[in-house]
Amino acid sequence: MSNKNKTLGEFIIENQNDFQYSSGELSRIINSIRLAAKVVNYKVNKAGLVDIVGAVGEQNIQGEDQQKLDVYANEVFIQTLINREIVCGIASEENDDFITIEGSDKSNSNKYVVLMDPLDGSSNIDVNVSVGTIFSVYRRITPLGTPVTLADFLQPGVNQVAAGYVIYGTSTMLVYTTGHGVNGFTLNPAIGTFYLSHPNMRFPENGSIYSVNEGNYRQFPQGVKDYIKYCQMEEEDRPYTSRYIGSLVSDIHRNMIKGGIYLYPTSSKSPKGKLRLLYECNPLAFVVEQAGGKASDGKNRIMELQPTELHQRIPFFCGSKNMVDTLEKFML
Ligand code: AHG
Ligand code: MN
Ligand code: MN
């Protein structure tokens, strides 16, 4: 079948044999994420209406409790995965600890764990700017049928079997990889179907966009300051253009299409960096690398870092390969 009009559902079925240990489990996880993304998309799209259609107090007009959207998205993704009994554990940016999932027979023979940032860029909701969901899938390393442990979640990013993001933007897209390139699907909201709109996405090797919260400039390490000045120099293809949405998913997505670099360095406000290794950096690094880009903490490949804690933060430099190479030279 040609790519024209191909739906995400069809794509998942066609590509099931790509998975080394194919049993349909991973396909079912992607399917569940697809479903949860549609539910969250529906809610995000009417975010501005909540106060208008909701009744006074904590409940909306249907008598449902109003929730912050990141809490809502967290529950939707977790419940969708739990209800389908397809994973043995979930870790989320919104939860202090990981969740152990028992099957109906109180054991759990599922082999995958999911890690996620259910709503990334959530402060942008109030101002009608794009937000996202980031997810990551690993095979558990502890024996099947036993409860998951922290070790199942603290795996280096190179162990990921799938990762991706949903972007709730001017259109809603689901972009993911299972280690065989990156494909992007755009939601047709009229019929609730994702279509393959961006097959085999490639990160341009070079770019002319730099994305960083320059308000923190004075607190950045000297190497990052020097690199930013380099981006602003009038030479060759520079000065680059500065673009920063403040929604990681949206900033990375734009740079992946147009070419660019995203920087979230350490600062005195965030001495270890701000972004989370497990829920944000590793999944995006996997997608970006699969598209031909690069992700680094300034010195090391993000995906080779051994995580030490669930909510670990890390400096993050990610984007067009040649731009990240240059940034790393400034960090020596
Ligand atoms: P989250 O909404 O999941 O907490 O993540 C917010 C992150 C990320 O989306 C964004 O790129 C970054 O925080 C922005 O941080 P600053 O406001 O410090 O620039
Ligand atoms: Mn986030
Ligand atoms: Mn979040």
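Points to keep in mind about this one:
- Yes/no for SER268 being hydroxyl-bearing (Ser, Thr, Tyr), in contact (Cβ under 8 Å) with a residue 24 or more places away in the chain and more than 16 Å from ligand 1 (Cβ to nearest atom): no
Condition check ((1) in the same structural domain as SER268 (by TED's automatic domain parsing); (2) among the aromatic types (Phe, Trp, Tyr)) across all residues:
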{"site": "ALA163", "(1), (2)": "no, no"}
{"site": "THR172", "(1), (2)": "no, no"}
{"site": "VAL175", "(1), (2)": "no, no"}
{"site": "PHE185", "(1), (2)": "no, yes"}
{"site": "GLN219", "(1), (2)": "yes, no"}
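- Of all residues in region 111-133, none that is outside the structural domain of LEU26 (by TED's automatic domain parsing) and touching a residue at least 60 places away in the same chain (Cβ under 8 Å) has its Cβ atom under 8 Å from the Cβ atom of a residue that is in a strand (DSSP E or B) and within 14 Å of ligand 3 (Cβ to nearest atom), 6 or more apart or on another chain.
- In region 119-140, the residues that are within 18 Å of GLN312 (Cβ to Cβ) and not charged (D, E, K, R): ILE134, PHE135, SER136, TYR138
- Sole exception among (1) within 15 Å of ligand 3 (Cβ to nearest atom); (2) out of contact with any Phe, Trp or Tyr (no Cβ under 9 Å at 6 or more places or on another chain) for TYR279, by number: (2)
- From GLY157, GLY164, residue being buried (at least 16 other Cβ atoms within 10 Å of the Cβ), under 29 Å from SER2 (Cα atoms) and under 19 Å from the mean Cα position of the chain (by Cα): GLY164
- Summed over region 234-267, residues that are crowded, with 20+ Cβ neighbours inside 10 Å, within 16 Å of ligand 2 (Cβ to nearest atom) and of a type in the set (A, V, I, L, M) total 4.
- Here THR146 passes the criteria (1) away from ligand 1 (no atom under 16 Å from the Cβ); (2) open to solvent by 30 Å² or more (accessible area, probe 1.4 Å); (3) assigned to a loop (DSSP other than H, G, I, E, B); (4) modelled with pLDDT of 95 or more except the one numbered (4).
- The residues on offer are ILE86, ILE33, ILE78, and the sole one that is at pLDDT 95 or above and either away from ligand 1 (no atom under 16 Å from the Cβ) or not assigned by TED's automatic domain parsing to the domain that holds GLY179 (or both) is ILE33.
- Taken together, the residues in region 71-89 that are more than 16 Å from ligand 2 (Cβ to nearest atom), outside any loop (DSSP other than H, G, I, E, B) and touching a Phe, Trp or Tyr at 6+ places or on another chain (Cβ under 8 Å) amount to 1.
- Taking region 247-273 as the range and being within 16 Å of ligand 3 (Cβ to nearest atom) and aromatic (Phe, Trp, Tyr) as the test, only TYR264 passes.
- Within region 199-252, tally of residues that are more than 23 Å from SER267 (Cβ to Cβ), more than 25 Å from the chain's Cα centre (by Cα) and touching a residue at least 12 places away in the same chain (Cβ under 8 Å): 2
- Residues of region 207-250 that are acidic (Asp, Glu) and touching a Phe, Trp or Tyr at 6+ places or on another chain (Cβ under 9 Å): GLU214, ASP226.
- The set of residues in region 287-320 that are without any contact (Cβ under 8 Å) to a residue 40 or more places away in the chain and either acidic (Asp, Glu) or in a helix (DSSP H, G or I) (or both) comprises GLU289, ASP297.
- One residue alone among VAL137, VAL127, VAL113 is aliphatic (A, V, I, L, M), under 30 Å from ILE245 (Cβ atoms) and open to solvent by 70 Å² or more (accessible area, probe 1.4 Å), and that residue is VAL127.
- Residues of region 126-154 that are more than 11 Å from ligand 3 (Cβ to nearest atom) and either among the aromatic types (Phe, Trp, Tyr) or under 14 Å from the mean Cα position of the chain (by Cα) (or both): SER130, PHE135, SER136, VAL137, TYR138, PHE153.
- Scanning region 111-125 for residues that are under 16 Å from the mean Cα position of the chain (by Cα) and either part of a loop (DSSP other than H, G, I, E, B) or closer than 10 Å to PHE135 by Cα (or both), we see that the one that is nearest to ligand 3 (Cβ to nearest atom) is ASP117.
- Of all residues in region 90-110 being within 12 Å of ligand 2 (Cβ to nearest atom) and open to solvent by 10 Å² or more (accessible area, probe 1.4 Å), the one that is nearest to LEU69 (Cα to Cα): GLU94
The values are calculated or read from the model by the stated rules, or taken from the named source; none is laboratory data. If you're wondering where the values come from, they're calculated on a predicted model, not measured in any experiment. Cβ atoms come from the backbone with ideal geometry, glycine included; neighbour counts cover every protein chain shown. SASA here: full protein model, heavy atoms, side chains in, ligands and nucleic acids out. Shrake-Rupley method; radii C 1.70, N 1.55, O 1.52, S 1.80 Å.
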